[in-house]
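The values are calculated or read from the model by the stated rules, or taken from the named source; none is laboratory data. It should be emphasised that the depicted structure is a prediction, and the values quoted were computed from it without experimental measurement. Cβ coordinates were reconstructed from backbone atoms using ideal geometry, including for glycine residues, and neighbour counts include every protein chain displayed.
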Amino acid sequence: MWVGDITYLKVGSIYRYLAVVMDRCSRRIIGWAFGRQKNVALTLRALNHAVGKRRPPTGLIFHTDRGIEYYANAFRERLRQLRITQSMNRPGKVTDNAFMESFFHSMKADVIHGNSFTEDSQMLAVLRSYIPFYNHSRMHSSLNYVSPAKYEMQLA
């Protein structure tokens, strides 16, 4: 199962958006996109990034919240083309996507809070270094204190 979500990141006085796709089993970030607009193009970029790294098997479940960016026809059609089954939070149950919320909380606590960013390039540089750190070095209690990459190697 893959999970996805979008979060807000402040650059100067303006919000930018980060869409992320995570492999729920290993907690590994397998796709992401950063942009100026919170829209279906952003979520499609993150999904396509994940698909480019991992050829999803037919019937893979992709779970998100009920955001319009995931409910849009273009996004749903892309999932159909890939033979991925869409899953969304139950109405009023925000904890259904807790894996993504946990990643965003960790990322913001580790590298966003306490820092100010005045340029998109600064934020991108942080994201480009944090996501590999998260995947290859950051230990997870839910994974017996190994990184997502090491956990995947143990499964192989």
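Yes/no matrix, rows are residues, columns are (1) within 17 Å of His49 (Cβ to Cβ); (2) part of a loop (DSSP other than H, G, I, E, B); (3) at pLDDT below 95:
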{"position": "Ala109", "(1), (2), (3)": "no, no, no"}
{"position": "Gly114", "(1), (2), (3)": "no, yes, yes"}
{"position": "Leu124", "(1), (2), (3)": "yes, no, no"}
{"position": "Arg128", "(1), (2), (3)": "yes, no, no"}
{"position": "Ile131", "(1), (2), (3)": "yes, no, no"}
{"position": "Ser142", "(1), (2), (3)": "no, no, yes"}
{"position": "Tyr151", "(1), (2), (3)": "no, no, no"}
In the range 24-67, residues that are under 21 Å from Ala125 (Cβ atoms), touching a Leu at 6+ places or on another chain (Cβ under 8 Å) and among the small types (Gly, Ala, Ser) total 3
Pairs only if they're at least six apart or on different chains, beta carbon under 6 angstrom, first in the range 39-63 and among the β-branched types (Val, Ile, Thr), second surrounded by fewer than 19 Cβ atoms within 10 Å (Cβ to Cβ); list them, first residue then second. Val40/Ala72; Val40/Ala74; Thr58/Arg83; Ile61/Met1; Ile61/Thr85; Ile61/Ser87
(1) surrounded by 20 or more Cβ atoms within 10 Å (Cβ to Cβ); (2) in contact with a strand residue (DSSP E or B) (Cβ under 6 Å, 6 or more places away or on another chain); (3) touching a residue at least 60 places away in the same chain (Cβ under 8 Å): which one isn't true of Ser26, the others all being true? (2)
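Restricting the range 143-156 to residues that are out of contact with any Phe, Trp or Tyr (no Cβ under 9 Å at 6 or more places or on another chain) and in contact (Cβ under 8 Å) with a residue 60 or more places away in the chain, which is surrounded by the fewest Cβ atoms within 10 Å (Cβ to Cβ)?
Of the residues in the range 143-156, the ones out of contact with any Phe, Trp or Tyr (no Cβ under 9 Å at 6 or more places or on another chain) are 145-146, 149-156.
If we keep only those that are in contact (Cβ under 8 Å) with a residue 60 or more places away in the chain as well, we get 149, 151-152, 155.
Values: Ala149: 16, Tyr151: 20, Glu152: 17, Leu155: 8.
Among those that are out of contact with any Phe, Trp or Tyr (no Cβ under 9 Å at 6 or more places or on another chain) and in contact (Cβ under 8 Å) with a residue 60 or more places away in the chain, it is Leu155.
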Going through the range 109-132 one residue at a time, which ones are touching a residue at least 12 places away in the same chain (Cβ under 8 Å) and surrounded by 12 or more Cβ atoms within 10 Å (Cβ to Cβ)? Asp110, Val111, Ile112, Phe117, Asp120, Gln122, Met123, Leu124, Val126, Leu127, Tyr130, Ile131
For Asn97, indicate whether it is surrounded by 18 or more Cβ atoms within 10 Å (Cβ to Cβ), of a type outside the set (Phe, Trp, Tyr), modelled with pLDDT under 90 and under 19 Å from Ala46 (Cα atoms). yes
Select the helices (runs of 4 or more DSSP H) contained entirely in the range 1-87, then report the ones holding at least 1 residues which are of a type in the set (Gly, Ala, Ser). 40-53, 73-82
Subset tally (residues that are within 14 Å of the chain's Cα centre (by Cα), within 29 Å of Glu119 (Cβ to Cβ) and at pLDDT 95 or above) for the range 41-66: 9
Can you confirm whether Phe75 is more than 29 Å from His140 (Cα to Cα), of a type in the set (A, V, I, L, M, F, W, C) and touching a Leu at 6+ places or on another chain (Cβ under 7 Å)? yes
